[in-house]
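The values are calculated or read from the model by the stated rules, or taken from the named source; none is laboratory data. Everything numeric here is computed off the predicted structure, so don't read it as measured data. Please note: Cβ atoms are built from the backbone with ideal geometry, for glycine as well, and neighbour counts cover all protein chains shown. These accessible areas exclude ligands, DNA and RNA; they are computed on the full protein's heavy atoms, side chains included. Shrake-Rupley method; radii C 1.70, N 1.55, O 1.52, S 1.80 Å.
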Amino acid sequence: MKRLLLVEDNQGDVELLRLRMSDGRSPPPRIAVAETLAEGIATYAREGADAVLLDMALPDSTGLETVETFRKAAPAAPVIVLTGLNDLDIAVAALRVGADDYLVKGELTPELLRRSVFYALERRRLSERARRAIDSRDEILRIVSHDMRNHMATVIAGLHLIKTDVAEDKRTRRLAQIEKAAMTIRRLIGDLIDVDALDKGTLHVERAPCDAASLIEAAQASFAPVAERRKLRLEAGAQCRGVDVLCDRERILQVLGNLLNNAIKFTPEGGSIELSCASDDGKVRFSVRDTGPGIPEEQIDRVFERFFRGSQQSQEGLGLGLTVARALVEAHGGVIGVSSKPGEGALFWFTLPVAR
């Protein structure tokens, strides 16, 4: 606590507060003083403060209106109401309209004030975290509803056109569109379920020896049609034949699928994607390299964050695929990472322990 803003018009109370903040054991905080509510709001906007000590009776505002007005002007500020009355009803009312704590001037001590400021700061921090969680939830619901609606529209339109299309090639194309939309919907739902399990601590894997090269081959076979439709080259190389990793096969195929889906999404037509594995020092390293635009340096440390979707990237999906991939790799005792330079593509990799 280095800086306080005191909104108080009584000079006697100002001096009393200064004295009580100096207990001789630690340096007192700097105290900026404002004598009116308007001056207090302007001072906080201009200079900020670790906490605001707000008298409820000021020349330009009195009572609960003082708290309400200051809170509207500075919604993130930790506000501690000061009053000369030890009235529980007033205290509760002040908290309801936005105060973080309530102190009686005559009972003020340095320790009590420090504790009150600490609690006010903690409540503001928790309140901000809760607000961000609500904003994230609302953003997820918006994205999910938007994506689901679009893909369901593709399914419905495709089914309707199949009824009227006679030509076999058109029917085949419509079915491919429906399949792609259905797989996207399934992936969206799967990512949400996995993140929920991660939050609850119920995300688990069942590990058993599995041939590392077979994982590469299965992932390539699954995504080859998608890459072909996007006019991309999907190449695979396995320098890990005959090496078993200890893993949950379906979960690791999910990780590879998330990385490949990400690479396909951001690699322009005519580009290439390389899928590979190599064994070294008791572990196998799996890699997915693309020739896309790469990742800006300021975003490289955030790509595995939940709901992060990069300003220069496609806005498809929830931004959960890489988060889920990291959780699954770490659940296997592995490590996941990325290296990239703008204009030079991206390389995502992860390791799994060799089965002994």
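Annotations for the structure displayed:
- In region 170-322, the alpha-carbon atoms span a convex hull of 137 Å³ per residue.
- Placing dummy labels 7 Å off each Cα toward the beta-carbon, the span from LEU85 to ALA218 is 7.2 nm.
- Compactness of the chain, expressed as Rg and Dmax over alpha-carbon positions, Å: 29.5, 91
- Rounded to 5, percent antiparallel among DSSP beta bridges of region 21-109: 20
- Sum of -39500 (n - 2.57) over DSSP H runs of 4+, divided by residues of the chain (222 nm, nearest 500): -17000 deg cm²/dmol
- Residue among VAL245, VAL14, VAL324 with the largest mean-square fluctuation in a Gaussian network model of the chain, springs linking Cα atoms under 10 Å: VAL14
- Applying a 4.7 Å Cβ-Cβ cutoff to the chain, the cysteines left without a disulfide-compatible partner are CYS210, CYS247.
- DSSP bridge analysis restricted to the chain gives an antiparallel fraction near 55%, rounded to the nearest 5.
- For region 158-287, size of Cβ-based charge dipole, Lys and Arg +1, Asp and Glu -1, in debye: 580
- Residues considered: PHE286, PHE304, PHE70. Largest GNM mean-square fluctuation over the chain, using C-alpha springs under 10 Å, is found at PHE70.
- Accessible carbon and sulfur surface of region 1-118 relative to its total accessible area, %, 1.4 Å: 55
- Look at the alpha carbon pairs under 8 Å that are at least 6 residues apart: their mean separation over the length of the chain gives a relative contact order of 11 percent.
- Accessible area per residue for the chain, computed on protein heavy atoms with a 1.4 Å probe, is 54 Å².
- Cross-link partners of LYS341 among lysines, defined as those whose alpha carbon lies under 29 angstrom from its own and excluding same-chain residues fewer than eight positions apart: LYS231, LYS265, LYS283.
- Residues considered: LEU161, LEU88, LEU54. Largest GNM mean-square fluctuation over the chain, using C-alpha springs under 10 Å, is found at LEU88.
- Shown for region 152-288: the carbon plus sulfur share of the solvent-accessible area, taken with all protein chains present and a 1.4 angstrom probe, equals 53%.
- Cα gyration tensor of region 242-356 - equivalent ellipsoid semi-axes, whole Å, descending: 24, 15, 12
- Span-like helix check, the chain: qualifying full DSSP H segments, with Cα axial length of 30 Å or more and mean Kyte-Doolittle of -1.0 or more, are 110-164, 168-200.
- Per DSSP, loop trypsin sites (Lys or Arg not before Pro) in region 1-96 with at most 11 further Cβ within 10 Å: LYS2, ARG25
- For region 152-204 versus region 71-128, the gap between their alpha-carbon centres in whole angstrom: 52
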